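A quick write-up on the structure given underneath.
The values are calculated or read from the model by the stated rules, or taken from the named source; none is laboratory data. All values derive from a computational prediction rather than experimental measurement. Heads up, the Cβs are rebuilt from the backbone with ideal geometry, glycines too, and the neighbour counts pull from every protein chain shown. The protein model used for the area step is the full one, side chains on, heavy atoms only, and it has no ligands, DNA or RNA in it. Shrake-Rupley method; radii C 1.70, N 1.55, O 1.52, S 1.80 Å.
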Amino acid sequence: MRHLARLADYCSITNMHTKNLAIVWAPNLLRSKQIESACFSGTAAFMEVRIQSVVVEFILNHVDVLFSSKLSSVIRDGAGLCL
């Protein structure tokens, strides 16, 4: 994900900003067996891929926070959890 986020930094040259990268990579990064099954119609499959691309775009736009060592340690240690 960090690599894709770095690619987005060169969008002025490549025109591959986070939205374009998300559209291209989302079906591979968030593969869905439901989409691949025969029960999904064209419209439903399109909507599912659209949701996937929004999720990937969000991740790319926030890669520094989501993949920071500080967040990883908080998750690993269970700090901040209210039980």
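Annotations for the structure displayed:
- Subset of the stretch 30-42 [open to solvent by less than 100 Å² (accessible area, probe 1.4 Å) and modelled with pLDDT of 75 or more]: Leu30
- Qualifying residue in the stretch 51-67 (condition: open to solvent by less than 50 Å² (accessible area, probe 1.4 Å) and modelled with pLDDT under 75): no
- Whether a residue is surrounded by 11 or more Cβ atoms within 10 Å (Cβ to Cβ), at pLDDT 90 or above and polar (S, T, N, Q) was assessed, and Asn15 does not pass this test.
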